[in-house]
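Visitor: One structure follows; several queries about it will come next.
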Amino acid sequence: MDWQHIPTVHAARVSLRPVTERDIDALYAVFSDPEVMRYSGSSMKDPLEAKDFLTEVLEELRRRQCIQWGIARRADDQIIGHVAIFNLDLVARKGEIGFSLGRAYWGMGYMQEALQAAIGYGFNEMGLRRIEADTDPRNLPSIRLLERLGFQKEGYLRERWLIAGESQDSLFYGLLNKEWNSSVAVYQVMPTADLPTEARSRFKLRVVGSRVCGWGRRLLGVVSA
């Protein structure tokens, strides 16, 4: 895998693509919604946080810790959510998946398409053996989605997180490459382009807590796919 670039991955109705400055308003709309962020942590309060998020995405990629995409509708290239494969362990060849979707797009099947493409990329292009997921037991839409995709429940961790002053339990899920039905992952990986110079220069900006490693450690948002 080329760790200098974030690839664009096309599915039927959505694309997983790099997020840019022009996506800040759309990202903020997703991450500032308390309903979307119900089980993942504090929502954004200032659009400047969305700018910091762009910097963090590239920094985590360069460190080979995470690959993160915006989810865009192919019809208009509008960002409607995001998906990340993070906590990467390239020796054990495993990672964790997290995602979020704007509330206006729940129940339309967009996230299932996006996750099929992301999981297919993780297993087939990155060579991962295992992908994990951590969700709140009350996050039923995300649980149903994970189980439709073949994830198996592997553990229940009590009071694992403290989010907005509330102790939250975790359900832990896992999916193995050898169990994955690759035929459901219809996607196309597009040629990558160099990151813009402006984006490269932003690594020197202050990073205020990684949204990838902070928000990303829980399944991001209540998603009815």
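Visitor: Has region 20-30 got at least one residue that is within 13 Å of the chain's Cα centre (by Cα) and modelled with pLDDT of 85 or more?
Guide: Yes, region 20-30 contains at least one residue that is within 13 Å of the chain's Cα centre (by Cα) and modelled with pLDDT of 85 or more.
Visitor: If you scan region 143-180, which residues turn out to be within 25 Å of Gly109 (Cα to Cα), hydroxyl-bearing (Ser, Thr, Tyr) and modelled with pLDDT of 95 or more?
Guide: Correct list: Tyr173 only.
Visitor: Which one is surrounded by the fewest Cβ atoms within 10 Å (Cβ to Cβ) among residues in region 36-79 that are in a strand (DSSP E or B) and in contact (Cβ under 8 Å) with a residue 60 or more places away in the chain?
Guide: Per the criteria, the residue is Arg73.
Visitor: How many residues does region 146-174 contain that are under 21 Å from Val83 (Cα atoms), touching a Leu at 6+ places or on another chain (Cβ under 8 Å), among the aromatic types (Phe, Trp, Tyr) and surrounded by fewer than 21 Cβ atoms within 10 Å (Cβ to Cβ)?
Guide: Residues that pass the stated criteria total 1.
Visitor: What about Asp77, is it more than 18 Å from Tyr121 (Cα to Cα) and not small (Gly, Ala, Ser)?
Guide: For Asp77, the condition - more than 18 Å from Tyr121 (Cα to Cα) and not small (Gly, Ala, Ser) - is met.
Visitor: Out of curiosity, is Ala92 at pLDDT 95 or above and either over 20 Å from Tyr187 (Cβ atoms) or not in a helix (DSSP H, G or I) (or both)?
Guide: Yes.
Visitor: What residue, of Ile119, Ile143, is part of a helix (DSSP H, G or I), crowded, with 21+ Cβ neighbours inside 10 Å and either within 16 Å of the chain's Cα centre (by Cα) or among the hydrophobic types (A, V, I, L, M, F, W, C) (or both)?
Guide: Ile119 is the lone residue from the list that is part of a helix (DSSP H, G or I), crowded, with 21+ Cβ neighbours inside 10 Å and either within 16 Å of the chain's Cα centre (by Cα) or among the hydrophobic types (A, V, I, L, M, F, W, C) (or both).
Visitor: Same structure, new question: Residue by residue through region 2-21, note down the ones that are surrounded by 17 or more Cβ atoms within 10 Å (Cβ to Cβ) and not polar (S, T, N, Q).
Guide: If the condition is that a residue be surrounded by 17 or more Cβ atoms within 10 Å (Cβ to Cβ) and not polar (S, T, N, Q), then Ile6, Pro7, Val9, His10, Ala11, Val14, Leu16, Arg17, Pro18, Val19 are the ones that fit.
The values are calculated or read from the model by the stated rules, or taken from the named source; none is laboratory data. Everything numeric here is computed off the predicted structure, so don't read it as measured data. Glycine gets a Cβ as well: all are built from the backbone with ideal geometry, and neighbour counts include every protein chain shown.
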